[in-house]
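Peer 1: One structure, as structure tokens, below. Some questions next.
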């Protein structure tokens with residue numbers, strides 16, 4: 001029995017229960033932080049034990065850790081911890097502005113922890129059925145968070161989110177059923193036939209016809225949650241209308257988690273069908289997402305929608321990288337997952353405070369942040385510069401690797417990627433620059449904003465751009481080898 | 001089972017239940033009244049329960065009985081009851097409004113069924129189950145439920161479409177594999193249960209805000 005896995009999963013689960021009882025009290029935000037820190041510490045212990053002893057399979061084979069998911073577990077625990085730290089002052093200010101009541105804060109705190117639990121469960125589950133159940137549960141826990149403000153727009157966003165992701169994820173269930181059917185012929189009936197560790201061992205024997213259809217359903221299903229075009233409609237609404245900490249974890253974590261589930265399925269499909277089938281599908285979806293999202297960026301007037309479209313663009317890029325496959329592209333994809341997650345959540349933190357200071361999310365009404373609050377202004381500027389792939393930030397490193405690999409292996413795609421990245425740069429920079437500099441429209445906040453998380457994330461991304469510690473590089477290489 | 005019924009007869013009975021399921025899917029697509037829609041949904045759940053239990057009996061898969069019991073409790077009794085209560089509490093109008101007229105929807109539905117049979121054919125030949133012939137019907141029912149979701153303009157019919165899709169997926173699981181492993185099936189049932197509770201909360205929020213459950217109010221967000 002591995003106590004690390006039990007703690008990583010148990011902490012947020014228990015936390016969700018505890019906060020359902022005390023989440024409206026004055027100190028609930030601190031409890032939320034403490035639980036998130038504990039989860040992160042447990043995740044750290046899990047990382048240490050995987051480095052020491054190698055992969056772990058636990059809890060009746062239903063959960064496992066290998067070099068691919070362990071780094072995502074650590075990333076998820078880290079970002080959910082910093083987001084909990086950010087949400088303490090942020091939600092306090094929202095309450096002072098009268099947008100939330102104590103009861104809704106209780107719902108928020110409880111659901112936040114349960115959401116973290118479901119994401120960790122997706123990452124750690126060995127049983128692909130449990131992966132599906134937990135992904136669906138991740139939707140359910142966030143629906144009420146998206147509609148937390150109960151404004152017409154937020155209700156609409158939550159409804160769209162629920163229906164679109166529900167339908168999408170139902171397709172993934174059908175894919176899972178077909179996968180189970182293919183696996184049963186080799187592994188026999190019983191839950192063993194859904195265990196990834198077993199499936200990976202026999203993946204070359206899985207029936208290709210069934211796997212081909214199964215993968216399409218899995219791609220559409222999990223792709224909806226990743227936000228791949230044309231299944232992305234829920235994403236900008238859910239990001240823009242929910243509270244900012246929720247936008248940060250949706251964008252920074254949930255999309256990664258869904259993509260992780262897709263990548264696991266791709267490994268199996270590759271084994272059964274040979275490389276090009278799943279690769280082409282993923283490259284196609286990825287490229288379309290990058291291009292379409294880039295062109296939508298310039299039309300956005302709401303700052304959170306702007307960065308939501310930027311998330312679609314980046315998830316498309318990562319999907320494209322995993323689609324290309326091979327050690328370098330997969331390495332770059334994993335690195336991009338990490339830096340995008342850190343950068344995008346930092347941007348949402350800064351954007352959240354900027355919106356609170358100016359009382360609006362409309363880009364044209366947010367002006368001159370740097371005059372009133374240099375830290376929020378610089379946080380937003382640095383985050384934006386980082387996400388746009390300016391060196392020496394980490395995003396540059398991963399985008400550079402993806403682009404150079406694409407030039408070598410998929411030259412046809414390179415002009416599209418370069419054009420899209422150029423358009424995205426112009427659109428986002430042109431919109432953020434006047435928000436940060438110039439005449440100010442911002443005012444002071446009742447509570448000091450939480451900016452440590454913003455700068456901590458940006459600093460990490462900067463570090464990853466300049467120097468990837470050998471341990472981490474080794475880790476990415478191991479994981480990339482697993483993806484193939 | 002072979003002592004009592006020949007394999008051919010077992011196949012016949014399963015096919016018959018499958019066709020009833022498909023017929024009910026079409027009936028839901030054509031139904032205008034919301035209360036009848038709920039009853040049809042319950043009937044669909046009942047057929048699903050029967051077929052699951054029958055397959056369990058015919059093949060000696062004991063865990064299918066558990067699955068059938070969950071279906072009976074959750075989808076035949078509990079969910080219709082919750083939906084009926086919701087309708088009464090929310091005072092929803094009786095008629096279901098559709099975005100496309102019903103005959104057109106039914107024609108599109110027929111096309112979807114043909115499509116589903118074509119997709120499922122190569123797969124179902126590879127399944128080792130006595131129920132494999134019904135995989136095409138299961139996929140057709142999934143697509144019909146999906147069609148119902150996108151052609152209805154009210155929130156409650158959309159949700160029923162969503163739940164009907166869940167039913168069809170369970171039917172697909174029985175057809176292709178004799179049901180998912182127990183732990184997964186329990187997880188899915190839990191998701192459905194939590195989902196419906198969240199939806200009930202959500203319905204009240206929508207209504208409080210818009211005085212109606214017409215999702216055409218929910219079309220302000222663009223791009």
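Peer 1: Between residue A:426 and residue B:99, what FRET efficiency comes out of the Förster formula 1/(1 + (r/R0)^6) with R0 = 41 Å and r the beta carbon distance, rounded to 0.05? Don't skip to the end; give the middle numbers.
Peer 2: Working: r = 38 Å, r/R0 = 0.94.
Between residue B:99 and residue A:426 the formula returns 0.60.
Peer 1: Quote the relative contact order of chain A in percent (integer), defining contacts as alpha-carbon pairs under 8 Å separated by 6+ residues.
Peer 2: Values: 842 pairs, mean separation 72.9, N = 484.
Computed value for chain A: 15 percent relative contact order.
Peer 1: Relative to the present Cα-Cα distance, how much length would full extension add between residue A:419 and residue A:463 at 0.36 nm per residue of separation?
Peer 2: On the way: separation 44, 0.36 × 44 = 15.84 nm, distance 2.74 nm.
Difference between extended and current length: 13.1 nm.
Peer 1: Follow-up question, since we're still on this one. Counting only other chains, and only Cβ atoms inside 10 Å, what mean value do you get across the residues of B:182-195? Intermediate results must be reported in sequence, preceding the final value.
Peer 2: Numbers: counts 3, 8, 13, 2, 2, 10, 5, 1, 4, 11, 2, 0, 4, 7.
The per-residue average across the peptide is 5.
Peer 1: Simple spin-label model, 7 Å along Cα-to-Cβ: residue B:19 to residue A:439 in nm?
Peer 2: Here the answer is 7.6 nm between the modelled labels.
Peer 1: Using only the Cα atoms of region B:140-217, build the gyration tensor, take square roots of its eigenvalues as a ≥ b ≥ c, and label the shape rounded, prolate or oblate: rounded if a/c is under 1.5, else prolate if a/b is larger than b/c, else oblate.
Peer 2: Details: a/c = 5.92, a/b = 1.70, b/c = 3.48.
Note, shape of region B:140-217 comes out oblate.
Peer 1: So how much slack lies between residue A:153 and residue A:185, counting 0.36 nm per residue of separation and subtracting their Cα-Cα distance, in nm? Please report the intermediate quantities before stating the final value.
Peer 2: On the way: separation 32, 0.36 × 32 = 11.52 nm, distance 4.86 nm.
6.7 nm is the gain from fully extending residue A:153 to residue A:185.
Peer 1: While we're on this one: For B:162-175, what's the mean count of beta carbons from other chains sitting within 10 Å of each residue's beta carbon?
Peer 2: On the way: counts 5, 1, 0, 6, 3, 0, 2, 6, 2, 0, 5, 8, 1, 2.
Counting Cβ atoms of other protein chains within 10 Å of each residue's Cβ and averaging gives 3.
Peer 1: Provide A:198, A:232, A:474 in ascending order of the number of other Cβ atoms located within 10 Å of each residue's Cβ, fewest first. Please list the in-between numbers first.
Peer 2: Working: A:198 18, A:232 23, A:474 13.
Arranged by neighbour count, lowest to highest, A:198, A:232, A:474 become A:474, A:198, A:232.
Peer 1: Right, something else. Between the helical axis of A:414-436 and the dominant principal axis of chain A, each derived from Cα atoms, what acute angle in degrees is found, rounded to the nearest 10?
Peer 2: It works out to around 20 degrees.
Peer 1: Roughly what angle does helix B:135-151 make with the longest principal axis of chain B, taking Cα atoms, 0 to 90 degrees, to the nearest 10?
Peer 2: It is inclined by approximately 0 degrees.
Peer 1: Using only Cα atoms, locate the centre of region A:1-28 and the centre of region A:110-177, then give the distance between them in Å, rounded to an integer.
Peer 2: Going from one Cα centre to the other spans 19 Å.
Peer 1: Going by how many other Cβ atoms sit within 10 Å of their own, how do A:156, B:208, A:409 line up, fewest first? The partial results should precede the final answer.
Peer 2: Details: A:156 23, B:208 10, A:409 14.
Fewest to most other Cβ atoms nearby, the residues stand as B:208, A:409, A:156.
Peer 1: Set the Förster distance to 22 Å, then compute FRET efficiency between residue A:409 and residue A:204 from the Cβ-Cβ distance, nearest 0.05. Don't skip to the end; give the middle numbers.
Peer 2: Details: r = 23 Å, r/R0 = 1.05.
In this case the efficiency is close to 0.45.
Peer 1: Also, quick follow-up: Tell me the relative contact order for region A:372-484 as a rounded percent, counting alpha carbon contacts under 8 Å between residues six or more apart. Working shown, then result.
Peer 2: Numbers: 67 pairs, mean separation 48.7, N = 113.
Relative contact order comes out at 43 percent.
Peer 1: What whole number of Å gives the distance from the Cα centroid of region A:31-86 to the Cα centroid of region A:420-448?
Peer 2: 34 Å
Peer 1: Another question, if that's okay. Hey, got the average number of other protein chain Cβ atoms within 10 angstrom for residues in A:150-161?
Peer 2: Values: counts 4, 1, 7, 3, 3, 9, 9, 3, 5, 10, 4, 0.
Average per residue, whole number: 5.
Peer 1: Ok, one more. Would you mind putting A:73-81, A:476-484 in packing order, based on average other-beta-carbon counts within 10 Å, highest first? Before the final figure, lay out each step's value.
Peer 2: Values: A:73-81: 24.7, A:476-484: 18.0.
Going from most to least packed, we get A:73-81, A:476-484.
Peer 1: Okay, next question. Would you mind telling me which residue in B:72, B:107, B:143 has the biggest mean-square fluctuation in a Gaussian network model of chain B, where springs connect alpha carbons within a distance under 10 angstrom?
Peer 2: B:107
Peer 1: Over its Cα atoms, what ratio of radius of gyration to 2.2 N^0.38 Å does the protein assembly as shown give?
Peer 2: Working: Rg = 24.8 Å, N = 707, 2.2 N^0.38 = 26.6 Å.
Output field value: 0.93.
Peer 1: If I fit a long axis through the Cα atoms of helix A:303-324 and take the longest principal axis of the Cα atoms of chain A, what angle between them do I get, 0 to 90°, rounded to 10?
Peer 2: 20 degrees
Peer 1: Turning to a different aspect of this structure: Mean residue ellipticity at 222 nm from the helices of the protein assembly as shown, using -39,500 (n - 2.57) per DSSP H segment of n ≥ 4 over the full residue count, to the nearest 500 deg cm²/dmol? Provide the component values of the computation, followed by the final result.
Peer 2: On the way: 28 runs with 538 residues, N = 707.
Result for the protein assembly as shown: -26000 deg cm²/dmol, rounded to the nearest 500.
Peer 1: Next question. Taking other Cβ within 10 Å of each residue's Cβ, how do B:149, B:180 sort, fewest first? All intermediate terms of the calculation are to be shown ahead of the outcome.
Peer 2: Details: B:149 19, B:180 28.
Exposure proxy ranking, most exposed first: B:149, B:180.
Peer 1: Relative contact order for region A:261-381: what is it in percent, counting Cα pairs under 8 Å that are at least 6 residues apart?
Peer 2: Details: 117 pairs, mean separation 27.6, N = 121.
Reported relative contact order: 23 percent.
Peer 1: Starting from the Kirkwood radius over alpha-carbon pairs of region A:192-251, derive D by Stokes-Einstein at 4 °C in a medium of 1.567 mPa s and give it in µm² s⁻¹. Kindly include the intermediate steps, with their values, before the conclusion.
Peer 2: Values: Rh = 14.0 Å.
My calculation gives 92 µm²/s for D.
Throughout, read-outs are computed from the coordinates displayed, never taken from laboratory work. Model, not experiment: these values are computed from the prediction. Neighbour counts run over all protein chains shown; Cβ positions are idealised from the backbone, glycine included.
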